[in-house]
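Peer 1: First the structure, then my questions, so here it is.
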Amino acid sequence: MYHFFIEPEQVQGREIAVIGPDVNHIRSVLRMKPGEEISVSDGRGKTYACVIEALEPEKIRLGIQKIQEISTELGAQVTLYQGLPKGDKLELIIQKCVELGVSRIVPVTTRRTIVKLDAKKEASRVQRWNGIAHSAAKQSGRSLIPQVTGVYTLTEAVREASQLDVCLIPYELAEDMEKTRQELGAVRPGQSVGIFIGPEGGFDEAEVEQVMKAGGRPITLGRRILRTETAGMAVLAMLTLLLEE
């Protein structure tokens, strides 16, 4: 079933009005017709199973069949503090981590970050990054659209993450897999979790120490060294197994 996002005010009683670019997508790209089923979420946790009632010039009218109560969200609210990588790697990270259930993605500059963005470039990138998050949330049937923020310094990210329930930092020098299993297994539904991933080359020792002093707990992702675009996905996959049992 095709899935789309709407604003809460588009819900009027037992009807929903789809407006904007999705109108053309539903009508001209998907070529959907009245009577076909469609799923929509309001971006705040409610998902509606609907049927298309009418294709109008500026909107598509949907009739609500039922409000779905099964959540597609991960359970814990996970913020990925991702060291800003080179090229378009962050776009892949956003797409796949949204599919895996991340709640929020914060790009972070570190000592080993190569990419430098001025204000104009950053604003353009943030807009594009959020568009990718929106598309990935739609494709994967999420009920919420994860936010991608502007770029933080590591100090800003650590200050924010210190207020979360759990803070984890995969670190290549961490070796105790049993401790990692315990740290991940201790995460409970409803908790807020921060995951720190370094850029290419990882965090330097002083940065790891900075995160750990703020409550970050080092974990290992196995005997292999993962790329920056893989590490966050690995942690989210592990959390999915533990939180959705």
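The values are calculated or read from the model by the stated rules, or taken from the named source; none is laboratory data. Treat the numbers as computed from the prediction; the structure is a model and nothing was measured. FYI the Cβ positions are ideal-geometry reconstructions off the backbone, even for glycines, and counts take in every protein chain you see. All accessible areas refer to the heavy atoms of the entire protein, side chains included, with ligands and DNA or RNA removed. Shrake-Rupley method; radii C 1.70, N 1.55, O 1.52, S 1.80 Å.
Peer 1: Kindly point out which whole DSSP H helices in the chain project their C-alpha atoms 18 angstrom or further along the helix axis while averaging a Kyte-Doolittle hydropathy of 1.6 or above.
Peer 2: Values: long enough: 119-139 (30 Å, -1.10); 228-243 (23 Å, 1.65).
Helix filter hits for the chain: 228-243.
Peer 1: Could you order peptides 158-170, 48-60 by the average number of other Cβ atoms within 10 Å of their residues, highest first?
Peer 2: Numbers: 158-170: 19.0, 48-60: 15.2.
For the peptides 158-170, 48-60, the packing ranking is 158-170, 48-60.
Peer 1: Please give the Cα centre distance for the range 139-190 versus the range 1-61, rounded to the nearest Å.
Peer 2: 34
Peer 1: Want the number for T155 to E172: 0.36 nm per residue separation, take away the alpha-carbon distance, what's left? Kindly include the intermediate steps, with their values, before the conclusion.
Peer 2: Values: separation 17, 0.36 × 17 = 6.12 nm, distance 2.12 nm.
Additional length available on full extension: 4.0 nm.
Peer 1: Using a probe of 1.4 angstrom, how much of the accessible area of the chain is carbon and sulfur, in percent? Show your work: numbers first, answer last.
Peer 2: Values: 6290 of 12840 Å².
Here it works out to 49 percent.
Peer 1: Another question, then. If you count, for each residue, the other Cβ atoms within 10 Å and average over each peptide, how do 130-142, 216-228 line up from highest to lowest?
Peer 2: Values: 130-142: 17.9, 216-228: 15.5.
Highest to lowest by the protection proxy: 130-142, 216-228.
Peer 1: I'd like the antiparallel share, as a percent to the nearest 5, of DSSP beta bridges with both residues in the chain. Don't skip to the answer; put the middle values down first.
Peer 2: Values: 19 of 43 bridges.
Around 45 percent of the beta bridges assigned by DSSP in the chain are antiparallel ones.
Peer 1: Given the DSSP H assignment, sum -39500 (n - 2.57) over each helix run of at least 4 residues in the chain and divide by its residue total; what's the result at 222 nm in deg cm²/dmol, nearest 500?
Peer 2: The helix-only estimate for the chain comes to -9500 deg cm²/dmol at 222 nm.
Peer 1: May I pose another question? At 37 °C and a viscosity of 0.692 mPa s, what translational diffusion coefficient does Stokes-Einstein give for the chain, taking Rh as the Kirkwood radius over Cα pairs? Give it in µm²/s as a whole number.
Peer 2: Working: Rh = 19.3 Å.
Translational D for this selection: 170 µm²/s.
Peer 1: Could you give the accessible area per residue of the chain, probe 1.4 Å, as a whole number in Å²?
Peer 2: Values: 12840 Å² over 245 residues.
Result: 52 Å² of accessible area for each residue.
Peer 1: A follow-up question, please. Just to verify a number: FRET efficiency for K213 and Q68, C-beta to C-beta distance, R0 = 35 Å, to 0.05? Write out the running numbers ahead of the final one.
Peer 2: Details: r = 43 Å, r/R0 = 1.24.
Computed FRET efficiency for K213 and Q68: 0.20.
Peer 1: Highest first, please rank the peptides 191-197, 91-97 by the mean number of other Cβ atoms sitting within 10 Å of their residues. Spell out each step's value before the answer.
Peer 2: Values: 191-197: 24.0, 91-97: 21.1.
Per-residue mean Cβ counts within 10 Å order the peptides as 191-197, 91-97.
Peer 1: If you plug each phi of the range 189-201 into the Karplus form 6.51 cos²θ - 1.76 cosθ + 1.60 with θ = phi - 60°, what whole-Hz ³J(HN,Hα) values come out, in order, with x for Gly and Pro?
Peer 2: So the J values, rounded to whole Hz, are x, x, 7, 9, 10, x, 10, 9, 10, x, x, 4, x.
Peer 1: Another question about this same structure. Looking at this model, which pairs from K66/K96; K86/K138; K96/K120; K59/K138 are more than 24 angstrom apart at the alpha-carbon? List each step's numbers first, then the result.
Peer 2: Details: K66/K96 29 Å; K86/K138 26 Å; K96/K120 26 Å; K59/K138 19 Å.
Too far apart for the 24 Å limit: K66/K96; K86/K138; K96/K120.
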